[in-house]
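Report on the following structure.
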Amino acid sequence: MQSPAANQAILLIQTAFIGDVILATALLERLHETEPDTPVDVLVRRGNEGLLKGHPHVRQVLVWDKKNEKYGGLWRLLQQVRATHYGRVINLQRFASTGFLTAFSGARQRIGFDKNPLSFLFTHRLPHGFAPGVHEVSRNLSLLEPGIPAPLTRPRLYPTAADEAAAATYSEAGPYICIAPTSVWFTKQFPREQWAKLLRALPAHYTVYLLGGPPDAAECQDLLEKAGRPRVINLAGKLSLLASAALMRGAVLNYVNDSAPQHLASAVDAPTCAVFCSTVPYFGFGPLSSFARVVEIAEELECKPCGLHGYRKCPLGHFRCAHGIETQQLLGVLAEAEAWAAPVAAAR
């Protein structure tokens, strides 16, 4: 999008969860391609700023402490935003708090989705909805050029040298598989006993790394002990997000839920098998790697999907969308990944 404000800095706002910030990096890639001389700042919630550490296309990361200083922090951010005199503010979220920042930012162009309650104060409002084959990344990219169909640009993260070194400690030990077994939402998380079945069935020559944040360490340890398989290492809480991404990039395959690690894999083009339990790829949050497969229960369930984000428990009590997935489905994706990786490795 060209405008009289094109030479002024841009502020991208995405203060949702880790996966949402990762998907937003596709806009950084597109802006770098189309406007390489325009400075871009990004606003994220506290805890997600590490994703953009050392990012070559980000001038500054603004942080909002939504948990401890929600409204006071929002007011201070508004003063900072107005003092910066952004030419464009592009809001990827659909909530009033970020709508407030956008509407009163003082930017010449204030861009966001029409579902934001304060979008009537934006200069550009775009619809946000689900459609077959339309990924969330494409919906976000439409904000850059309203009215023009946007080709999909993959999100991308840039692990630092320190992150690469941390991952190399494990990646140089031989062929390996990564599993990120947890999710914030119960109905998005493949059950522990199902992951344990997979772990016991995986070929013995693979080392398996369990990935997650510090809150996931206990669950990963319980899974490790339940599986009773040698060569399983619990790395939950031991690697940064960017170091985890670097490790995933070198895996033969990464097994993930419909959750943030799926998008982490997409952002480094890591081979991915995404397990969808209660949700469906139709929502537009599927994997984007060059090798990406989705595994779901083979039978159709009237109750699937039961919601966009998942629930704390299965609304009907049976959680068949997860328990009905067969281990052989997951092993079949590994066989595909091995066949796909062979010519790629030979070409290096």
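The values are calculated or read from the model by the stated rules, or taken from the named source; none is laboratory data. These figures come from a predicted structure and were not determined experimentally. Here the Cβ is made from the backbone with ideal geometry for all residues, glycine too, and neighbour counts use every protein chain on show.
Of everything in the stretch 51-62, what is modelled with pLDDT of 95 or more and either assigned by TED's automatic domain parsing to the domain that holds residue 263 or crowded, with 17+ Cβ neighbours inside 10 Å (or both)? Give them in sequence order. Walk me through how you get there before you give the answer.
In the first step, residues of the stretch 51-62 are kept if they are modelled with pLDDT of 95 or more; the result is 51-52, 55-62.
Correct list: 51, 52, 55, 57, 58, 62.
Hey, any hits in the stretch 172-180 for a residue that's surrounded by 18 or more Cβ atoms within 10 Å (Cβ to Cβ), modelled with pLDDT of 95 or more, among the aromatic types (Phe, Trp, Tyr) and under 30 Å from residue 206 (Cα atoms)? Full working, then the answer.
Kept after step one, since they are surrounded by 18 or more Cβ atoms within 10 Å (Cβ to Cβ), are these residues of the stretch 172-180: 176-180.
Then drop every residue that is not modelled with pLDDT of 95 or more, which leaves 176-180.
After this cut, where a residue has to be among the aromatic types (Phe, Trp, Tyr) as well, the list is 176.
Right, trim to under 30 Å from residue 206 (Cα atoms) and you get 176.
The answer is yes; a qualifying residue exists.
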*Would you be able to say whether some residue in the stretch 257-271 is over 23 Å from residue 329 (Cα atoms) and buried (at least 22 other Cβ atoms within 10 Å of the Cβ)?*
yes
_Tell me the residue from 100, 122 that is of a type outside the set (Ser, Thr, Tyr), in contact with a Gly (Cβ under 6 Å, 6 or more places away or on another chain) and farther than 28 Å from residue 159 by Cα, please._
122
*If you go through the stretch 134-167, how many residues are farther than 30 Å from residue 242 by Cβ and without any contact (Cβ under 8 Å) to a residue 40 or more places away in the chain?*
3
*When you scan the stretch 20-67, how many residues do you find that are closer than 18 Å to residue 98 by Cβ and hydroxyl-bearing (Ser, Thr, Tyr)?*
1
*residue 138 fails exactly one of the following numbered conditions: (1) farther than 20 Å from residue 45 by Cβ; (2) surrounded by 21 or more Cβ atoms within 10 Å (Cβ to Cβ). What is the number of that condition?*
(2)
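Answer yes if at least one residue in the stretch 163-170 is more than 28 Å from residue 32 (Cβ to Cβ) and touching a strand residue (DSSP E or B) at 6+ places or on another chain (Cβ under 9 Å), and no otherwise. Spell out the reasoning first.
Residues of the stretch 163-170 that are more than 28 Å from residue 32 (Cβ to Cβ), as a first pass: 169-170.
Next, only the ones that are touching a strand residue (DSSP E or B) at 6+ places or on another chain (Cβ under 9 Å) stay: 170.
Yes: the stretch 163-170 contains one or more residues that are more than 28 Å from residue 32 (Cβ to Cβ) and touching a strand residue (DSSP E or B) at 6+ places or on another chain (Cβ under 9 Å).
Yes or no, residue by residue, for (1) loosely packed, with under 13 Cβ neighbours inside 10 Å; (2) within 15 Å of residue 185 (Cα to Cα); (3) modelled with pLDDT of 95 or more:
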| residue | (1), (2), (3) |
| --- | --- |
| 275 | no, yes, yes |
| 284 | no, no, no |
| 287 | no, no, yes |
| 321 | no, yes, yes |
| 343 | yes, no, no |
| 347 | yes, no, no |
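Could you list, in sequence order, all residues of the stretch 17-45 that are in contact with a helix residue (DSSP H, G or I) (Cβ under 9 Å, 6 or more places away or on another chain) and either aliphatic (A, V, I, L, M) or outside the structural domain of residue 57 (by TED's automatic domain parsing) (or both)? Don't jump to the end; show me each part of the working.
First, the residues of the stretch 17-45 that are in contact with a helix residue (DSSP H, G or I) (Cβ under 9 Å, 6 or more places away or on another chain): 17-28, 30, 38, 40-45.
Passing the criteria: 18, 21, 22, 23, 24, 26, 27, 28, 40, 42, 43, 44.
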*In the stretch 169-191, what residues are part of a helix (DSSP H, G or I) and free of Cβ contacts under 8 Å to residues at least 12 places away in the same chain?*
169
*Do any residues in the stretch 106-127 that are closer than 17 Å to residue 24 by Cβ have Cβ atoms under 6 Å from those of residues that are basic (Lys, Arg) and crowded, with 16+ Cβ neighbours inside 10 Å, where the two are at least six apart or on different chains, and which pairs are they?*
113/94; 115/94; 116/94
_Residue check for residue 41: of a type in the set (Asp, Glu), at pLDDT below 95 and under 25 Å from the mean Cα position of the chain (by Cα)_ = no
*Of all the residues that make up the stretch 47-67, how many are more than 23 Å from residue 161 (Cα to Cα) and assigned to a loop (DSSP other than H, G, I, E, B)?*
3
*For the stretch 68-115, which residues satisfy the criterion of being assigned to a loop (DSSP other than H, G, I, E, B), crowded, with 16+ Cβ neighbours inside 10 Å and modelled with pLDDT of 95 or more?*
86, 87, 92, 105, 107, 108
